[in-house]
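Chemist: Got a structure here, written out as structure tokens. Questions coming.
The values are calculated or read from the model by the stated rules, or taken from the named source; none is laboratory data. What you see is a predicted model, and the numbers here were worked out from it, not measured in a lab. Reconstructed Cβ throughout: ideal geometry from the backbone, glycine too, with neighbour counts over all protein chains shown. SASA here: full protein model, heavy atoms, side chains in, ligands and nucleic acids out. Shrake-Rupley method; radii C 1.70, N 1.55, O 1.52, S 1.80 Å.
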Amino acid sequence: MKSPLLSLPGAVPAEGADEGVAAHYGDLFREQRALADGAGFVDLSHRGVVTVSGDDRLSWLHLLLTQHMSELPAGEATEALILSANGHIEHALYLVDDGATVWAHVEPGTQETLIAYLESMKFFYRVEVADRTADFAVVHVPAGSIAPVPDGAVVRETAYGRDLFLPRAELEAYAGKAGPAAGILAHEALRVEHHRPRLGFETDHRTIPHELGWIGSAVHLQKGCYRGQETVARVQNLGKPPRRLVFLHLDGSEVRLPVPGTEIRLADDGPDGRRIGFVTSSARHHELGPVALALVKRNVPVDARLVAGDTAAAQEVVVEP
């Protein structure tokens with residue numbers, strides 16, 4: 001969905017997965033600094049919005065998601081995954097229950113397949129699943145913001161800030177009061193800084209939660225069965241994941257950032273060295289300079305010097321080997 005906020009001064013449209021909102025509004029680093037200082041907002045209105053209502057909503061979601069949902073207090077934010085039968089990540093949901101309805105925002109374009117799966121699992125449970133993307137827009141307000149929450153908005157509050165579910169018709173009016181607007185590139189730079197994985201960026205067809213550090217935050221280890229739980233329990237109790245997420249400090253003298261998918265090699269192996277991983281996200285940070293997230297093989301030494309494409313990279317451990 002194309003955001004009306006692309007009409008704001010300086011707006012440059014984002015491309016790829018974030019098409020439909022602004023990449024930036026003319027000054028990437030200023031926008032990052034504003035968010036880091038608790039000012040402004042980010043237009044995330046391209047994300048999918050899904051609701052689940054009905055008396056059985058929490059107990060039903062508890063059976064399907066990796067997160068403990070059955071006793072989720074109203075107003076408490078959480079996140080959860082849906083896994084395949086083999087434990088591979090298929091969906092990531094960012095949730096809050098308002099006392100009558102569970103609200104979730106998901107990656108752009110994934111809501112249809114998510115809803116199809118949820119509908120197939122309703123059986124006799126008293127639940128109603130709805131795609132509310134056309135009616136509600138997600139807006140992110142950074143931690144520390146003192147901006148008032150609009151009346152009637154559903155709020156998902158986390159350590160990183162508030163996600164607001166606003167009626168889409170009110171998005172432009174909200175932007176007129178809540179500025180300055182920050183683009184998705186600023187939001188992504190802070191996400192990378194905080195080592196937060198994103199579906200479709202840090203994940204591929206074989207990613208399991210342990211590789212990305214999603215155990216605990218999105219996967220509860222003390223709950224009943226759900227699809228893929230056997231893999232989660234086996235890796236948790238008996239083994240290690242084959243790959244691990246790392247944070248990379250990139251050589252700042254390079255003009256271009258390594259794009260997602262760029263191969264990572266050991267620097268000591270030279271340009272013909274074997275591939276040991278790949279870049280998943282990269283960004284220019286207002287303080288740290290060029291940075292990235294990457295997946296590397298678990299046995300890569302934590303002090304090894306790496307090369308992402310042609311760019312030297314120093315790794316910082318996110319997931320322990």
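Chemist: State all residues of region 9-32 that are surrounded by 19 or more Cβ atoms within 10 Å (Cβ to Cβ), hydrophobic (A, V, I, L, M, F, W, C) and over 17 Å from Phe201 (Cβ atoms); if no residue qualifies, say none.
Modeler: Scanning region 9-32 gives Ala11, Ala22, Leu28.
Chemist: Could you check Ala182 against (1) open to solvent by 20 Å² or more (accessible area, probe 1.4 Å); (2) in contact with a Gly (Cβ under 7 Å, 6 or more places away or on another chain); (3) under 23 Å from Leu28 (Cα atoms) and say which number it fails?
Modeler: (1)
Chemist: Between a first residue in region 166-178 that is within 15 Å of Ala11 (Cβ to Cβ) and in contact (Cβ under 8 Å) with a residue 60 or more places away in the chain and a second residue that is open to solvent by 20 Å² or more (accessible area, probe 1.4 Å) and part of a helix (DSSP H, G or I), which pairs have beta carbons less than 6 Å apart while being 6 or more apart in sequence or on different chains?
Modeler: Correct list of pairs: Glu172/Pro4.
Chemist: Quick check on Gly224: is it loosely packed, with under 15 Cβ neighbours inside 10 Å and at positive phi?
Modeler: Details: loosely packed, with under 15 Cβ neighbours inside 10 Å: yes; at positive phi: no.
Spelling it out, it is not the case that Gly224 is loosely packed, with under 15 Cβ neighbours inside 10 Å and at positive phi.
Chemist: Right, something else. Just one of the numbered conditions (1) touching a residue at least 40 places away in the same chain (Cβ under 8 Å); (2) under 30 Å from Ser70 (Cβ atoms); (3) open to solvent by 20 Å² or more (accessible area, probe 1.4 Å) is not true of Leu238; which one?
Modeler: (1)
Chemist: Test of understanding: among Thr231, Thr207, which residue is assigned to a helix (DSSP H, G or I) and among the polar types (S, T, N, Q)? Show your work before the answer.
Modeler: Working: Thr207 fails: assigned to a helix (DSSP H, G or I).
Unique residue meeting the criteria: Thr231.
Chemist: May I pose another question? All but one of (1) of a type in the set (Gly, Ala, Ser); (2) under 20 Å from Phe136 (Cβ atoms); (3) touching a helix residue (DSSP H, G or I) at 6+ places or on another chain (Cβ under 7 Å) hold for Gly87, so report the exception by its number.
Modeler: Going through (1) of a type in the set (Gly, Ala, Ser); (2) under 20 Å from Phe136 (Cβ atoms); (3) touching a helix residue (DSSP H, G or I) at 6+ places or on another chain (Cβ under 7 Å) one by one, Gly87 breaks only (2).
Chemist: Have a look at Ala116, Ala130, Ala134 and point out the one that is under 18 Å from Trp60 (Cβ atoms) and exposed (fewer than 13 other Cβ atoms within 10 Å of the Cβ).
Modeler: On the way: Ala130 fails: exposed (fewer than 13 other Cβ atoms within 10 Å of the Cβ); Ala134 fails: under 18 Å from Trp60 (Cβ atoms).
Going through Ala116, Ala130, Ala134 in turn, the sole match is Ala116.
Chemist: If you go through region 143-166 one residue at a time, do you hit one that is open to solvent by less than 20 Å² (accessible area, probe 1.4 Å), farther than 28 Å from Ser282 by Cβ, at pLDDT 95 or above and assigned to a helix (DSSP H, G or I)?
Modeler: No, region 143-166 contains no residue that is open to solvent by less than 20 Å² (accessible area, probe 1.4 Å), farther than 28 Å from Ser282 by Cβ, at pLDDT 95 or above and assigned to a helix (DSSP H, G or I).
Chemist: Do you know which residues across region 263-299 are of a type in the set (Val, Ile, Thr) and touching a residue at least 40 places away in the same chain (Cβ under 8 Å)? I'd like the intermediate steps shown before the answer.
Modeler: Narrowing region 263-299 to residues of a type in the set (Val, Ile, Thr): 264, 276, 279-280, 291, 296.
Result: Ile264, Thr280, Val291, Val296.
Chemist: Residue check, Val302 against (1) of a type in the set (A, V, I, L, M); (2) surrounded by 14 or more Cβ atoms within 10 Å (Cβ to Cβ); (3) more than 21 Å from the chain's Cα centre (by Cα), all met but one. Which one?
Modeler: Condition not satisfied by Val302: (2).
Chemist: Which one is most open to solvent (accessible area, probe 1.4 Å) among residues in region 258-286 that are at pLDDT below 95, more than 24 Å from Arg206 (Cβ to Cβ) and outside any helix (DSSP H, G or I)?
Modeler: Asp272
Chemist: Kindly state which strands (runs of 3 or more DSSP E) lie completely within region 66-142 and contain at least 2 residues that are touching a residue at least 60 places away in the same chain (Cβ under 8 Å) and out of contact with any Leu (no Cβ under 8 Å at 6 or more places or on another chain). Steps first, answer last, please.
Modeler: Numbers: elements: 78-83, 89-97, 101-106, 128-131, 136-142.
Here the list reads 89-97, 128-131.
Chemist: Residue by residue through region 287-299, note down the ones that are open to solvent by 10 Å² or more (accessible area, probe 1.4 Å) and either over 11 Å from Arg244 (Cβ atoms) or not in a strand (DSSP E or B) (or both).
Modeler: Let us first name the residues in region 287-299 that are open to solvent by 10 Å² or more (accessible area, probe 1.4 Å), namely 287-290, 297-299.
Result: Glu287, Leu288, Gly289, Pro290, Arg298, Asn299.
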